[in-house]
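Computed from the coordinates by the stated procedures, all read-outs in this text should not be read as laboratory data. Just so you know, these numbers come straight off a predicted model, no measurement behind them. Using ideal geometry, Cβ is built from the backbone for each residue, glycine included, and neighbour counts are taken over all protein chains shown.
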Amino acid sequence: MNKLILIFAILAFVLPSGLYGQQINKAEAGIFLLKGGELELMDDGRIKADLLIQDGLIKEIAENIDHPTAQRIDCSGLIVFPGMIDSGTRLGLGEVGSISLTQDHNEIGTYTPQMQALTAVNPNSVSIPVTRVNGVTSVLTVPSGDRFPGTAAMIDLLGYTPNQMYSGFKGLVFNFPSAGRRGWWDSRSEDEIKKANKKQWDEIKDFWDKAKLYNKIIAGGKKPDYNPQLQAMVPVLNKEMPLLIEVNERKAILSAIKWGSEQEIDYILTGVSEGYLVADSLTKYDVPVITGPVLNNPSRNSDHYDVAYSNAGKMQKAGVRVAIRTNETENVRNLPFNAGFAAAYGMEWKEAFKAVTIIPAQIFGVVDKYGSLERNKIANLFVADGDPFEPKTDIKYLFIRGYNIPLESRHSYLYDEFLEREPGLDGN
Amino acid sequence: MKTLHIYFFVFFVFGLISAQSETGDVLIKNGTLITITDGVKENTDLLIKNGKIDKIGKNISTGDVNTVDATGMYVMPGIIDAHSHIAIDAVNEGTNPNTAEVWVGDALDPYDINIYRALAGGVTISHAMHGSANAIGGQCETIKHRWGIMNPEEMRMEGAVRTIKFALGENPMRVHGEGGRIMPATRMGVEQVFRNAFSEAQEYMKAWEDYDNGKSDMAPEYNIRMEAVSDILKGDLMIHCHSYRADEILMLMNVLRDFGVEKICFQHVNEGFKVAPELAEFGAYASVFSDWWAYKFEVYYSTAYNAAILTKNGVITSINSDSRELIRHLYHEAAKSQRYGGLTDNEALRLITLNPAIQLGIDDRVGSLEKGKDGDVVIFDKHPLSVYAIPQMTFVDGVVRFDINSDPADMRIEVDPNETMPAFMEAVDHEHDDSCLQGLNELLFDK
Amino acid sequence: MHKKLFFAIVSVFILIKPGLAQTDYNNVPDVTGKIFINDVYLKQYNPDTFLIHDILIDNGIIKNIAPAMEAPFDARIIEGDSIYAYSAFIDAFSHTGIPQPERRQQRPDVQFRGFPPNDIAGITPEKMAFKDIKANDKSIAALRKSGFAVSHVVPRGNMLPGQGCIISLKGDSVEDMILDESSSCLFQLSGARGVYPSTVIAVMAKWRELNRQAELYSANNKSYALDPVSKERPVMNSVLDALVPVVENRRRVFSHAQSNKDVYRSLVLQSELGYDVVLSNVRRVEPAIEALSQDKMHIILSAELPDAVKEDKKKEKGNEESAKEESDPRREALLERKKESIKEFESQAALLESKDVRFAFSMMDVKATDLKANLERMIAAGLSEQAAMNALTINAAEILGLEKICGSLEKGKMANLFLSTGPYLDKESSIKYSIVEGHVEEYEIRKKKRALSNSDNSIEGTWSFSIDVMGDLNTGKIVITKEADQYEVNIINDATPDDPRPCSDISFEYGTLSLSLIVPYEDGDLPVQLSLDIDQDSFNGTATIGQLGSFPIEGSKISSPEN
């Protein structure tokens, strides 16, 4: 009888949790020793070595590390990669595309540089776990909208407050006027668009001049009237924060380079889909470039079918520092596949991998902490059984800020629940 | 309806007369053939004669036939996209919740550069569909990507099953309920659109039957919309239904049971995995996205494991694009089912070959490398499920329609004489949530 | 202008119906309907030559054409010395005479967009084009001045705008002009805005349905007429009534089909539904060549061509903009393709000629004054002169069923001709006389100022003008400014200095400034058209004022713009 009660007791404990929902695993803090795997060191090749994670950092890389209390993770036959960085997304700023009240990246107003993407990030966005299980550990999340839509921020994909997630880089976004059509519904002629842009340029020049004057007044010790728009421009004018200039069309890229270089600011070009046509101008002025998505259609009907695939590779071969982005909200997880296509269509594999790791870290000025497997960098990394760009590859372990992250998300929960649904067909 | 038969016959005959599609001969030598139905054959040749697969075997020797050396390369059946809106000049007649009479096949556009781009991604056939603005949309057309032809008629895939687009959920509710302030504004209303249409069609058929049998002297009104809905009830027009939520999928299956309609292919069906057993029992097909979700509320609770779950529950599943961007790398989209659900190579490749062929009623013609099937074939330089695979040549009916070695930059057939440089399209944020609702500027935005 | 005098004069024309014997002493009516054109050149083909003949016209009919005739004593004589006579042109398909509708109307407020009223849906095959024609519409006079005498006019609208009519381009009222009040059923592949059918696929489905319904309607009506007992009475349907002649092949469908795809779709529909079709305003004929060579249908080619590529004048500017444009590595190849495409359009007419297809021209999309330049381009691309002239005359007459009464200079046909100062296709020649059904209109030949280039913007500034209207001298100022690429003109009459009149339809080409404006008078407005030949600091030209006629106007520059 006791045995029966015991059995029932055990069942009573086990069954309800099966009926009422899954176990949600939490991020685990601790000391972790990754033993026996290969480490992807990019320019320094691939080496067989152990890696110790402690205090949130990569504490040690060496052959045969030992540690008394570390949790050992057997990585034999597996490869350790630095966590990938997507340098252009709206992750955390939007939940459901068609419901505008869940979209926080596009504020009203032409000149709103003071809008902070970081504060609007939803740390509990369902898309975040969905993204990181594919090996993307940090992203730049970017406001969208009119001319100066706001300030972007780099975040790690772990944390319950935006501050916890913040990685230490911010950039001011500037959408450069260009002669392109905004969408398939935009039927304006090129002349009409040019005219509209000319008008905008006068306004932009006016705004920029005002910002410079504002900055001058502050530098001189006086306090101008409250003006959040101009105040937000000050770090850019003082070269404390770069300008992220979104520009895609060839002529506009050349204008942007010319304008940016004249202004004595730090700037980064983003988008740059016709960059392959003006790579020499980009190298001449050493302009860092964030381009993507790679999985994109050509911008003109007359373009070769693979211009978007080969753009990043062509620029990189010409000497441009190129980072790859998805420009996505809920499918940032496709970053490795974007990099994979760039590698397929002419970019060396190593450079494609750098484009989603160390290059964005350099461009954002956080390369001391991010972008590669090196001692004392933040432990953002993942372990896989093969090339992370290949869909067939499985990711086995994921670490962000040194926490062991469960490889689960809404998508995997639904898989677990519905692969073999209980009840099945009966009762219909 | 005798009158209708004559009508249809005239059209059909004309179709035969005018559409003579080109066929070709080619011998593909020494490749790794992924047959889909008969395993993977290494170092094997494939011969296409008069547009049909004639021989599969080792060391085929034949007279004077164009030969392609596929050593080290992979040969698979041409990829089939079961949900597309390329190559048509009209996608949505969004003015009424039921527009069963319109037919996108009337507006084929053989000059759409996206056809060529799809060929560069190994896609030989696409299902050109009406959009999802209406609960009962318009008739669709299965087309072969015969790039270079001028006559729209020549794009039709002769003998393909006739299909019609239905749509459930937010799209028809938004266009008609929110936009037009008429039913359907809820999923309850969507069900009634179907029941009304089917019931009215039954009455229509009866009225014509009476006239044909001499029971009445004056011909009843001819209503082209009711003619189309009648065809659905008679099983001559197969439903492909844009759907997301599990409950609406079940609703439609129940409605079809009530009216005796047996065949249906659900499209997108993001929550199909929640009712996989019911879909399997009905015999319904599912054509899904690889990983699109969260762009609308009805897909917020989706999973990229959808294709794997459906496949493992016995539902014939395909992966589609519904996008002029995704259609270019469906081989990569299929590969994602290996990361999300661990499908085998053959299971994954079936999702873009034989399964969509079954769903479009053309599996006797295409979808696998078998003798007698059409010469629709793609040659890849690496295994198609690798992210690094690049299609090298794409054949439709044995004719080369894409060859990476003779692929100049500007492949447009027709050029606008009024512009020198084609317009530059800025990157579109979320192309996918516009694709099924194309062509609705005035109805949705111009209030 | 003295307003009262003006009003008095105008009211004479407006309030009293013309045609009755009135004391209108401002104009002098024609003395006689007999006209003798003496020693005029007539173009012949095979061999290519010009014959010198006389032409005798009476009561709007050509009585005789022969060399060395004796001029009747009671005829008006027109000296044909170095004048060339041609059969007047026939425009086979256009909206001539039907004014443009007002700016885009508000979207119709229809509760059920899927079931709109027929007129909003664009389904009005019962409508008759002539009811929309305004006899004094500018386009009629413009066509006449370019050598036309007859036009097949179709209504404006969407899918089934209505029935076309054939008009003679002369007359004070529409009734005077009608040669055939219902000559065609117009079908277009264009949908209604915001209501069913809005897309081309819905239009095609609807067209099939209407054809089928018209057949059944006709059968039902016949059955009922034969024996109405115990039958349900068929309800009248004006749309189907108008389509019954189409399905019974008694009225042809003119299918407006500009592009390749439109032509294919028109052919598909015709082949399914079996009506007689004329492909109209076609720009690319390739899809229809086979059907045309087998004489299964007729075709009307558009006289419009895409703009030719302008040779680059920007080279002297050498500024950064154009340098950047030119250095786009893709541009050259794309420009080549564009030029090839333009050549394709230019050679459509030659293609039809090579297949022995007799086609006509549509003036729907082309300005009357651009016709000659376009014909020259088509001829340069391979069209023979004879085929070009035939298309404008006898072919069009045959297609429209008028070959017995017009389309060539022959005894017994309508006196429709124009007299030109040189062979028609010569660049320097202009049309001096237009004769439509014997009614003569003379045009002033303006010497073209070659010195001025098209982009000469020195006309900006303030000009003085003076114009004599029936003894009344009016003076004032014309202020011309230029904003981006658009001219802005305001005219201030010294008599009303506080009322500057803005001008519209402004164009400045080869030294001639043309514009329109409205001048108010007592109870309404008068439309005025100005055509001014500007030469450095002075101009002279003509002002056409409403129904009053044309008056010479001249002026000179007072001041240039500030900067």
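Overview of results
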{"quantity": "Net charge contributed by nearby residues that have their C-beta within less than 9 Å of C:Asn474 (K/R +1, D/E -1)", "calculated": "-3"}
{"quantity": "GluC sites (Glu not before Pro) within region A:264-367: DSSP coil, no more than 16 neighbouring Cβ in 10 Å", "calculated": "A:Glu264, A:Glu348"}
{"quantity": "Residue-averaged 222 nm ellipticity for chain C, from DSSP H runs of 4+ at -39500 (n - 2.57), nearest 500", "calculated": "-7500 deg cm²/dmol"}
{"quantity": "Tilt relative to chain C, helix C:238-247 - C-alpha long axis, 0 to 90 degrees, to 10", "calculated": "80 degrees"}
{"quantity": "Sites matching GluC sites (Glu not before Pro) across region C:476-523 that sit in DSSP coil, with at most 16 neighbouring C-beta atoms within 10 Å", "calculated": "C:Glu522"}
{"quantity": "Chain A - Kirkwood radius from inverse mean 1/r over Cα pairs (Å)", "calculated": "23.5 Å"}
{"quantity": "Ranked list, fewest to most other Cβ atoms within 10 Å of each Cβ, for C:Ser341, A:Ser138", "calculated": "C:Ser341, A:Ser138"}
{"quantity": "Within 10 Å of each Cβ in B:325-334, the average number of Cβ atoms from other chains", "calculated": "3"}
{"quantity": "Cβ neighbours within 10 Å from other chains - mean over B:219-226", "calculated": "5"}
{"quantity": "10 Å Cβ shell holding at most 15 others, DSSP loop, chymotrypsin sites (Phe, Trp or Tyr not before Pro): longest site-free stretch of chain A", "calculated": "A:1-159"}
{"quantity": "Taking region C:90-165 and dividing mean pair separation by its residue count, relative contact order in percent (alpha carbons under 8 Å, at least six apart)", "calculated": "49 percent"}
{"quantity": "Gyration tensor verdict on region A:343-420 (Cα atoms; rounded if a/c is under 1.5, prolate if a/b is larger than b/c, oblate otherwise)", "calculated": "oblate"}
{"quantity": "Residue among A:Gly260, A:Thr270, A:Gly220 farthest towards the positive dipole end of region A:219-362, charges placed on Cβ", "calculated": "A:Gly220"}
{"quantity": "Computed [θ] at 222 nm, deg cm²/dmol, chain B (DSSP H ≥ 4; -39,500 (n - 2.57); rounded to nearest 500)", "calculated": "-7500 deg cm²/dmol"}
{"quantity": "Between region B:396-410 and region A:339-374, the Cα center-to-center distance that results, in Å", "calculated": "34 Å"}
{"quantity": "Restraint check, A:Lys251/C:Lys343; C:Lys138/C:Lys170; A:Lys314/A:Lys354; B:Lys263/C:Lys206; C:Lys131/C:Lys170, Cα-Cα greater than 19 Å", "calculated": "A:Lys251/C:Lys343; B:Lys263/C:Lys206"}
{"quantity": "Percent antiparallel among DSSP beta bridges (both partners in the protein assembly as shown, rounded to 5)", "calculated": "65 percent"}
{"quantity": "Of all DSSP beta bridges in chain C, antiparallel share, percent nearest 5", "calculated": "80 percent"}
{"quantity": "Region B:277-373: GluC sites (Glu not before Pro) in DSSP coil with no more than 16 other Cβ atoms inside 10 Å", "calculated": "B:Glu370"}
{"quantity": "Region C:43-64-region C:476-514 distance, computed between alpha-carbon centres (Å)", "calculated": "44 Å"}
{"quantity": "Pairwise centroid distance, computed over Cα atoms, of region B:20-34 with region A:96-175, Å", "calculated": "50 Å"}
{"quantity": "Residues listed by number, region B:196-223, amide nitrogen under 17 Å from C:Arg233 label point at 7 Å toward C-beta", "calculated": "B:218"}
{"quantity": "10 Å Cβ shell holding at most 15 others, DSSP loop, chymotrypsin sites (Phe, Trp or Tyr not before Pro): longest site-free stretch of chain C", "calculated": "C:113-442"}
{"quantity": "Inter-label distance, nm, simple model (7 Å from Cα along the C-beta direction), A:Lys223/C:Asp499", "calculated": "6.2 nm"}
{"quantity": "Magnitude of the charge dipole, the protein assembly as shown, Cβ model with Lys/Arg +1 and Asp/Glu -1, debye to 20", "calculated": "1860 debye"}
{"quantity": "Values of log10 I(q)/I(0), in the order q = 0.06 Å⁻¹, for chain B under a Debye, Cα-only, solvent-free model", "calculated": "-0.26"}
{"quantity": "Dipole of the protein assembly as shown, positive direction: furthest Cα of C:Val282, C:His53, B:Met253, with charges on the beta-carbon", "calculated": "B:Met253"}
{"quantity": "Cβ neighbours within 10 Å from other chains - mean over B:136-143", "calculated": "1"}
{"quantity": "Three-way shape label, region C:461-559, alpha-carbon gyration tensor, a/c 1.5", "calculated": "rounded"}
{"quantity": "Beta bridge orientation in chain A: antiparallel %, DSSP, nearest 5", "calculated": "55 percent"}
{"quantity": "Length released on extending from C:Ser223 to C:Asp485, taking residue separation times 0.36 nm less the Cα-Cα span", "calculated": "87.8 nm"}
{"quantity": "Farthest positive-ward along the protein assembly as shown dipole, Cα basis, beta-carbon charges - from A:Leu52, B:Val175, B:Gly57", "calculated": "A:Leu52"}
{"quantity": "Solvent-free Debye scattering, log10 I(q)/I(0), computed from the Cα coordinates of the protein assembly as shown at q = 0.06, 0.07, 0.09 Å⁻¹", "calculated": "-0.70, -0.92, -1.35"}
{"quantity": "Electrostatic dipole magnitude of chain C [Cβ: Lys, Arg +1; Asp, Glu -1; Cα centre; debye, to 20]", "calculated": "1540 debye"}
{"quantity": "Anisotropy class of region C:357-406 from Cα gyration tensor, a/c 1.5 cut", "calculated": "oblate"}
{"quantity": "In degrees, nearest ten, helix A:335-344 long axis to first principal axis of chain A (Cα)", "calculated": "70 degrees"}
